[in-house]
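Okay, so here's the structure we're looking at.
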Amino acid sequence: MVSMSTVVNVSACGFLLCLGLSIAAQAEGMKAGQSGENDALADQIERTFSQMQEVHIIQGDVLRIDGTNYFIKGLDGKEVNLKVDNTTVKAGNPKAGDRIEAKINEQNHAVSILPAP
């Protein structure tokens, strides 16, 4: 005759096995759904990394914004025209009068625009 504790133990093991398989299936489904997002993020990181090969940092005040061009007066007094697009990392929406710190490549494309420290 089978004891009650054996029946309970076998039932508990079966329950835990089913629960583990269910969680594994959900995790696999989530991975499949995120692969496209991960690929897009990996592409953006790669573009950003390649852009950062020759990056210069400037600080200055935003004089004006004209479409995708930011006109900055650097701390040295020179005016610089930064080109901004959807790959530019921005903290908030800079506006005229704000002091910023920008990382730019040799073509004056802004890799990032952040508030100046």
Report task. Select from segment 83-102 the residues that are charged (D, E, K, R) and open to solvent by 60 Å² or more (accessible area, probe 1.4 Å) and list them in ascending order. Result -> LYS83, ASP85, LYS90, LYS95, ARG99
Query raised in the report: In segment 49-73, which residues are in contact with a Leu (Cβ under 8 Å, 6 or more places away or on another chain) and open to solvent by 50 Å² or more (accessible area, probe 1.4 Å)?
Result: GLN59, LYS73
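Return a yes/no flag: does segment 32-43 have any residue that is at pLDDT 95 or above and of a type in the set (Gly, Ala, Ser).
Checked against the condition, which is being at pLDDT 95 or above and of a type in the set (Gly, Ala, Ser), segment 32-43 yields no hits at all.
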Query raised in the report: Give me the pairs: first residue in segment 77-100 and over 9 Å from ILE113 (Cβ atoms), second residue of a type in the set (Asp, Glu) and not in a loop (DSSP other than H, G, I, E, B), beta-carbon distance under 8 Å, and six or more apart or on different chains, which are they?
Result: GLY97/ASP61; ASP98/ASP61; ARG99/ASP61
Query raised in the report: Would it be correct to say that ASP76 is more than 30 Å from ALA40 (Cα to Cα), open to solvent by 90 Å² or more (accessible area, probe 1.4 Å) and over 21 Å from the mean Cα position of the chain (by Cα)?
Result: yes
Query raised in the report: Restricting the search to segment 103-117, which residues are surrounded by 11 or more Cβ atoms within 10 Å (Cβ to Cβ), free of Cβ contacts under 8 Å to residues at least 40 places away in the same chain and assigned to a loop (DSSP other than H, G, I, E, B)?
Result: ASN108
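The values are calculated or read from the model by the stated rules, or taken from the named source; none is laboratory data. Everything numeric in this text was worked out from a predicted model, so none of it was measured. Glycine also receives a Cβ, built like all others from the backbone with ideal geometry; neighbour counts cover every protein chain displayed. Just the protein is used for accessible areas: all its heavy atoms, side chains included, with ligands, DNA and RNA removed. Shrake-Rupley method; radii C 1.70, N 1.55, O 1.52, S 1.80 Å.
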